[in-house]
Amino acid sequence: MKHPAPTHAVDMLIVGAGFAGLYMLHKARSMGLDALVLEAAPGVGGTWYHNRYPGARVDIQSMEYSFSFDEALQQQWRWSERYAPQPELLRYANHVADRFGLRDGIRLSTRMAGAHFDEPSQRWTVQAESGESWSARFLVMASGPLSSPNLPDFAGLKDFAGPVYHTANWPHEPVDFSARRVAVIGTGSSAVQAIPIIARQASELTVFQRTAAYAAPAHNGPLDRELEARIKADYAGFRARNRRMHGGFGSLLPPNPVSALAASAEEREAAFEQRWKIGGFAILGTFNDLLMNEQSNALVAEFVRGKIRAIVKHPGTAQLLSPTHTIGCKRLCVDSGYYDTFNRPNVRLVDINQAPIERITSKGLRTGGREFEFDALVLATGFDAMTGTMMRLDLRGRDGLRIQDKWHAGPLNYLGLGIAGFPNLFNIAGPGSTSAFTNVIVAIEHHVDWIADCIAYLDAHGLHTIEASEQAEAAWAEHVNAAARRTVFLSCNSWYLGANIEGKPCMFMPLAEGFPRYADHCAQVARDGYVGFVLQ
Ligand SMILES: Cc1cc2nc3c(=O)[nH]c(=O)nc-3n(C[C@H](O)[C@H](O)[C@H](O)COP(=O)(O)OP(=O)(O)OC[C@H]3O[C@@H](n4cnc5c(N)ncnc54)[C@H](O)[C@@H]3O)c2cc1C
């Protein structure tokens with residue numbers, strides 16, 4: 001990409017107007033910085049703008065998955081359900097943009113193509129696909145951990161005569177599947193949410209499954225107003241308690257502080273049953289070692305498989321729906337009637353693990369020598385997670401260092417926040433931080449606040465740039481890896497490892513040590529004068 005001279009200068013350029021970009025803009029302005037957001041989509045909201053598939057909703061409770069930075073906002077906003085649906089989350093993002101007067105700082109329908117660091121001026125030259133360009137002292141990548149849909153290269157996909165939808169790029173007008181034969185490829189979180197609803201509309205639904213998913217019931221429903229009042233009576237305290245939880249949520253029901261191996265079989269069963277009734281991620285906190293110890297993990301995995309066998313009437317289908325990997329090493333799905341959907345006469349499950357999809361045809365697809373016909377195809381094939389969005393950019397640091405070269409063996413950085421060779425560039429909720437292992441809004445607020453403090457420090461000390469050192473990066477990569485090794489997360493192929501994308505380097509990307517330890521670590525680095533970073 002040839003960079004023309006920038007036409008505008010700002011203090012901070014922010015890429016993305018999801019929750020991260022919105023809060024970063026608000027924070028930057030509160031510090032008196034001239035900041036601008038570039039957003040590829042025609043609206044704000046990020047994840048909740050793009051992922052409009054039937055059933056899309058949050059799987060961390062809304063009283064927790066929401067901003068805490070403004071007391072009046074958290075007091076006045078009222079969620080309708082325990083787990084907010086996508087349209088409500090999108091309204092919330094729009095409300096935040098309006099409430100804090102952010103719209104005039106956001107350029108919608110403007111995709112950033114790349115950015116080059118200019119040594120003489122020590123500034124970034126940022127180029128949009130439209131050809132416009134900006135000069136910025138700071139570049140903040142708020143471009144999302146899950147914002148590049150994975151479109152597998154199925155042979156013949158272009159030949160399919162009917163409509164093809166990706167869950168992460170769903171049309172804005174309603175999609176009506178009634179009287180249609182529909183196929184869904186994939187059984188991750190999005191598919192688990194969409195399948196029960198599509199099955200109720202479609203005349204026939206065929207689900208093509210490569211890996212069975214563990215799903216815990218959401219028990220979603222109208223928000224309990226008593227609970228809301230209780231939380232709002234001390235929302236700040238509730239948020240603070242959540243920030244001391246491993247995942248930045250769940251303080252109302254902390255993990256039981258004993259090992260699953262210390263309980264008798266009857267005690268375990270009763271405890272799992274109790275948490276299953278509560279729903280969501282609660283089941284993984286039944287004991288404190290379910291994600292750390294494979295033996296303990298096997299006990300809860302078998303409990304969930306027992307639930308699947310009890311729900312799904314056809315034994316062969318139940319067997320196929322029963323995962324064999326460790327539970328939690330791929331993100332646990334939170335469902336509303338997923339397994340029961342396979343009892344419907346109009347739904348069938350096809351295993352594509354043993355016999356992968358050979359090709360898509362004009363009328364359907366071929367696998368294992370069998371032809372399947374359908375009228376519409378839904379790809380629930382997930383994301384090129386955590387690095388995919390940045391790796392598509394023409395992003396160049398000092399001496400023209402390309403991000404693709406820097407990250408050819410995996411995403412190197414320090415604290416997940418800074419990258420050696422890329423001065424004054426900050427990454428929010430990306431690899432190397434607790435990101436996807438956290439209530440992501442907690443992760444976002446923490447990163448934005450840290451970045452703001454860091455900039456204030458630079459200014460207070462008359463410094464111009466900050467950049468991770470290569471030594472700190474190498475040590476951090478080992479730190480991230482070591483944290484994963486203490487868990488069950490390395491025991492299966494997941495998007496945490498990049499294993500869902502062909503040719504992607506295999507490196508464990510999110511930090512599994514828990515949000516409190518990570519936040520303490522980041523705070524210590526700041527207190528020590530940003531040790532591990534080079535400041536100039
Ligand atoms: C279906 C789904 C359900 C989820 N559920 C949960 C949940 O229950 N709990 C939870 O904690 N997290 C959940 N997540 C994770 C979710 O991504 C985060 O919670 C959060 O919304 C991320 O916000 P963000 O602002 O960092 O990124 P995003 O919301 O992804 O926003 C990034 C924005 O950057 C824009 N962008 C990217 N590249 C460019 C470019 N080159 N130029 C301009 N703009 C660009 C994108 O268009 C997008 O709007 C879910 C994710 C998905 C996909």
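The values are calculated or read from the model by the stated rules, or taken from the named source; none is laboratory data. In this text the structure is predicted, and so the values were computed from the model without any measurement. Please note: Cβ atoms are built from the backbone with ideal geometry, for glycine as well, and neighbour counts cover all protein chains shown. For the accessible areas, the whole protein counts, side chains as well, though only heavy atoms, and no ligand, DNA or RNA atoms are used. Shrake-Rupley method; radii C 1.70, N 1.55, O 1.52, S 1.80 Å.
Things to note:
- Accessible surface of the range 1-117 [probe 1.4 Å, protein heavy atoms]: carbon and sulfur percent: 49 percent
- Ordering 433-444, 312-323 by mean Cβ neighbour count within 10 Å, with the highest value first, yields 433-444, 312-323.
- Cα-Cα pairs of the range 1-108 separated by more than 24 Å (percent): 29 percent
- Among the GluC sites (Glu not before Pro) in the range 438-536, those located in a DSSP loop and surrounded by at most 10 other Cβ atoms within 10 Å of their own Cβ are 502.
- Radius, Kirkwood style, for the range 109-251 when every pair of distinct Cα atoms is counted (Å): 20.7 Å
- Distance in nm between pseudo-label sites at residue 346 and residue 228 (7 Å out along the Cβ direction from Cα): 3.4 nm
- Debye log10 I(q)/I(0) for the range 386-428, one point scatterer per Cα, at q = 0.18 Å⁻¹: -0.44
- P(r), alpha carbons of the range 401-536 - 5 Å bins starting at zero, rounded %: 2, 10, 20, 24, 20, 14, 6, 3, 1, 0
- Using a cutoff of 8 angstrom between alpha carbon atoms and counting only pairs six or more residues apart, the relative contact order for the chain works out to 19 percent.
- Mean Kyte hydropathy of -1.0 or more with a Cα span along the axis of at least 24 Å, helices from DSSP in the chain: 294-311, 440-460
- Cα lying deepest toward the dipole's positive end in the chain, options 518, 112, 505, charges on Cβ: 505
- When the pairs 27/232; 27/504; 307/330 are compared against a 27 Å limit on Cα-Cα distance, 27/504 fall above it.
- Of the GluC sites (Glu not before Pro) in the range 40-145, the ones in a loop by DSSP (not H, G, I, E or B) with at most 14 other beta carbons within 10 Å are 129.
- Available extension along the chain between residue 278 and residue 203 is 23.7 nm, counting 0.36 nm per residue and deducting the alpha carbon span.
- Only beta bridges with both residues in the chain are counted; by DSSP, about 40 percent of them are antiparallel.
- With q set to 0.18, 0.21, 0.23 Å⁻¹, the log10 of I(q)/I(0) for the range 66-132, from the Debye formula over equal scatterers at the Cα positions, is -0.82, -0.92, -0.99.
- Dipole magnitude for the chain: computed about the Cα centre from +1 point charges on Lys and Arg Cβ and -1 point charges on Asp and Glu Cβ, it is near 980 debye.
- Cα gyration tensor shape of the range 346-467, rounded if a/c is under 1.5, else prolate or oblate by comparing a/b with b/c: prolate
- Full-extension gain in nm, residue 161 to residue 236, via 0.36 nm per residue minus C-alpha separation: 21.6 nm
- Look at the alpha carbon pairs under 8 Å that are at least 6 residues apart: their mean separation over the length of the range 37-187 gives a relative contact order of 28 percent.
- Potential lengthening of the chain between residue 453 and residue 78 amounts to 131.9 nm, from the contour at 0.36 nm per residue minus the alpha-carbon distance.
- Contact order for the range 405-515, expressed relative to its length and based on alpha carbon pairs under 8 Å spaced 6+ residues apart, stands at 35 percent.
- The range 230-370 shape via C-alpha gyration tensor axes, a/c threshold 1.5: prolate
- In the range 1-50, trypsin sites (Lys or Arg not before Pro) in a DSSP loop with at most 11 other beta-carbon atoms within 10 Å: 2
- Å² per residue, accessible surface of the chain at 1.4 Å: 40 Å²
- When only alpha carbons are used to place a centre, the range 277-328 and the range 158-189 end up 29 Å from one another.
- As a ratio to 2.2 N^0.38 Å, the alpha-carbon radius of gyration computed for the range 329-384 takes the value 1.35.
- Principal axis dimensions, largest first and in whole angstrom, of the chain by Cα: 69, 56, 44
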